[in-house]
Amino acid sequence: EAGVVQSPRYKIIEKKQPVAFWCNPISGHNTLYWYLQNLGQGPELLIRYENEEAVDDSQLPKDRFSAERLKGVDSTLKIQPAELGDSAVYLCASSLVGQGLSNEQFFGPGTRLTVL
Amino acid sequence: QKEVEQNSGPLSVPEGAIASLNCTYSDRVSQSFFWYRQYSGKSPELIMSIYSNGDKEDGRFTAQLNKASQYVSLLIRDSQPSDSATYLCAVKLTGGFKTIFGAGTRLFVKA
């Protein structure tokens, strides 16, 4: 079974430029998560989708970040414009969520963003 | 108080010893608990999940949960240098499916 796929793996951009990250979850997983991870910290949730619906985006800086999950499968996270403080690893995870299910999350390899 | 707290370490143990990693959480009625291993430059990898009080064993790993004390731990028996990584504790909060991660404990296993 293929795992969570993310691209690109690395991205270097100058501040004020736009950037986009793509994620394809594990087949059959209904829930997709975008996390941000800074060095020495645990992942912090940016947004969670159940199927096509964003059910938790309270931590997403909506002035510059946006996300979509069309057709309830793959997802794109965008930053426009990027700031120096956005340099981090952006992780995508997926899980099969529901009553009686384990709700275990599985992570993709991440995208390491460097903003110069 | 952070929702999920871990000692940042580093925790250093000799090869073959038992490594004990601890985690406390603030949401008294949390039901699901997870341990992830993260190698440097890699993404978190799920190694254990536990939902009931007591111990759960999987190979060299044992997760222990004490909901009354709001405490979950991970024991690694016969530690190997390949176990050297950061171990993240994660707790799924009640009332939804939001999972909070601790900052992780760095483990070094000396050969």
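The values are calculated or read from the model by the stated rules, or taken from the named source; none is laboratory data. Note that the structure is predicted; figures quoted are calculated from it, not measured. Cβ placement follows ideal geometry from the backbone for every residue including glycine, while neighbour counts extend to all protein chains displayed. In case anyone asks, the SASA skips ligands and DNA or RNA and just uses the protein heavy atoms, side chains included. Shrake-Rupley method; radii C 1.70, N 1.55, O 1.52, S 1.80 Å.
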Only residues that are open to solvent by 30 Å² or more (accessible area, probe 1.4 Å) and more than 10 Å from every other protein chain (Cβ to nearest Cβ): list them for the range A:46-58, please. A:N51, A:E52, A:E53, A:A54, A:D57
Of the conditions (1) closer than 18 Å to A:E104 by Cα; (2) touching a residue at least 24 places away in the same chain (Cβ under 8 Å), B:Y51 fails just one. Which one is it? (2)
In the range A:69-96, how many are within 14 Å of another protein chain (Cβ to nearest Cβ), buried (at least 19 other Cβ atoms within 10 Å of the Cβ) and assigned to a loop (DSSP other than H, G, I, E, B)? 0
If A:Q37 meets every condition in (1) farther than 25 Å from B:E5 by Cα; (2) surrounded by 15 or more Cβ atoms within 10 Å (Cβ to Cβ); (3) among the polar types (S, T, N, Q) apart from one, which number is that one? (1)
Return yes when B:S82 is within 15 Å of the chain's Cα centre (by Cα) and modelled with pLDDT of 95 or more and no when it is not. no
Open to solvent by 20 Å² or more (accessible area, probe 1.4 Å) and within 15 Å of the chain's Cα centre (by Cα): is that true of A:P43 in this structure? no
Check on B:V13, in contact with a Cys (Cβ under 7 Å, 6 or more places away or on another chain) and away from chain A (no Cβ under 14 Å): no
Across the range A:97-116, which residue is farthest from the other protein chains (Cβ to nearest Cβ) among those that are open to solvent by less than 20 Å² (accessible area, probe 1.4 Å) and over 14 Å from A:T31 (Cα atoms)? A:V115
Taking the condition of being among the small types (G, A, S) and more than 10 Å from the chain's Cα centre (by Cα), how many residues in the range B:85-111 meet it? 5
